[in-house]
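Q: Can you read through this structure? Questions will come right after.
The values are calculated or read from the model by the stated rules, or taken from the named source; none is laboratory data. Please read these numbers as outputs of a predicted model, since none were measured by experiment. Here the Cβ positions follow ideal geometry from the backbone for every residue, glycine too, while neighbour counts run over all protein chains shown. The protein model used for the area step is the full one, side chains on, heavy atoms only, and it has no ligands, DNA or RNA in it. Shrake-Rupley method; radii C 1.70, N 1.55, O 1.52, S 1.80 Å.
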Amino acid sequence: MGNSKPERLIDENGRRIDGRRPDELRPIKIEVGVLDKSDGSAYVEFGGTKVFAAVFGPREAHPKHLALPDRAILNCRYHMTSFSVEERKPLGMTRREVELSKVIREALETVTFLEEFPRASIDVYIEVIQADGGTRTTGLTAASLALADAGIPMADLIAAVAVGKVDGQLVLDLCDVEDKYGEADMPVAMAPRFNSIVLLQLNGRLTPSEFKKGLALAQKGISEIYKLQQEALKKRFSTSKPLEV
Ligand code: ADP
C-alpha cells in the first residue's frame, strides 16, 4: 500500500487531490471532555488526521526532585499509535516524536500560567490515532483545548494549521500526499487573541513573498479553527451536569 506520487496535485479547475480549493480547510471535528480518567481532554479531527489529547494536573511533580520552586513543569508527550500510519512504526518514541513533543511543549508554555502552580506538574499526552498530514498542528490544537478543559489558567488557546506549496500554488491545511509530494510544508501555530505566532517551521522552499502569503493563508485558517475551538468549549461547559448541592 502507501500513497504513490500522483501525476498532479492540483487539477485544471484548481481543485486539490481531495477536491478542496487552495484556501480550504479539511472537514474539522472538535469535541472537548471526551475521556473520563484524565482531568481534561479533547478530540480533534482534520479530515483523515485524528488526535486525542489528555491532560493530568496540576498534580504533585514526580519524581519530586524535578519539581520547580516557582512554577509547574509542563510535560508533553506527542505519540503516534502504531496503527496511525501504513508503514511499520517503531513501538517506542522515535526521534521525530521526541522533537515534536518538545516544540509542542514550548508552544503550550507560551500561553499557560505555570507560575500559579509551584512544585506541581501538568502532563499533556497527545495520541495520534490516524495520521494524514498536520499531526503536530492538530495535536497542538487539541492539547490547548484539553488544558482549558482541565481548568488550567491560560492566556489564550492555541490554534494551528500547516500551509504549503503544491504544484507551484500555496495551499491551506496539507494532507499527507500534499505534504509528501509538495514543494514546501509550513506548520504555523498562533495564540489568536494576541495575534502572535507560537510555532513556525518550514520544510522545503518558499520565496519571501510566498512566505508572507503563506502566513496570511495560515492566519485565515487559524481564525476559522479558533472559532470552532471556542464553540466546542462552550458546548462542553453548557452540557456539563449542574453541581449537586
Ligand atoms: P505533521 O504530521 O505535523 O505534518 P510531518 O510533516 O513529519 O508532521 O509528517 C507528515 C505526515 O507524514 C504525517 O501526518 C503522516 O501522515 C506521515 N508520517 C509521519 N511519520 C510517519 C511514519 N513514521 N510512517 C508513515 N507516515 C508517517
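Q: Which of R77, R136, R96 moves the most in a Gaussian network model of the chain with Cα springs under 10 Å?
A: Fluctuation is largest for R96.
Q: Just to be sure I follow the definition: excluding the sites themselves, where is the longest run in the chain that has none of the chymotrypsin sites (Phe, Trp or Tyr not before Pro) in a DSSP loop with at most 16 other Cβ atoms within 10 Å?
A: The segment 114-245 is the longest one with no such site.
Q: Right, another one. Would you calculate the separation in nanometres between label points at K64 and N195, each defined as 7 Å from the Cα along the Cα-to-beta-carbon direction?
A: Calculated label separation equals 4.9 nm.
Q: Which peptide among 196-208, 59-71 comes first, and what is the full order, when sorted by highest mean count of other Cβ atoms within 10 Å?
A: Most protected by this proxy first, the peptides run 196-208, 59-71.
Q: Related question: Taking the Cβ-Cβ separation of Q130 and E24 as r and a Förster radius of 25 Å, what is the calculated FRET efficiency to the nearest 0.05?
A: The formula returns an efficiency of 0.80 here.
Q: A further question follows. Straight-line reach from K234: which lysines have a Cα under 26 Å away, not including same-chain ones fewer than 8 places off?
A: Within reach: K29, K37, K50, K220.
Q: Compute the accessible area per residue over region 1-48, keeping the other protein chains in place, probe 1.4 Å, unit Å².
A: Value returned for region 1-48: 61 Å² of accessible area per residue.
Q: Probe radius 1.4 Å, ligands and nucleic acids ignored: give me the carbon and sulfur share of the accessible area of region 66-139 as a rounded percent.
A: Ligands and nucleic acids excluded, carbon and sulfur reach 54 percent.
Q: Keeping every protein chain present and rolling a 1.4 Å probe, give me the accessible area per residue for region 167-225 in Å².
A: That works out to 48 Å² per residue.
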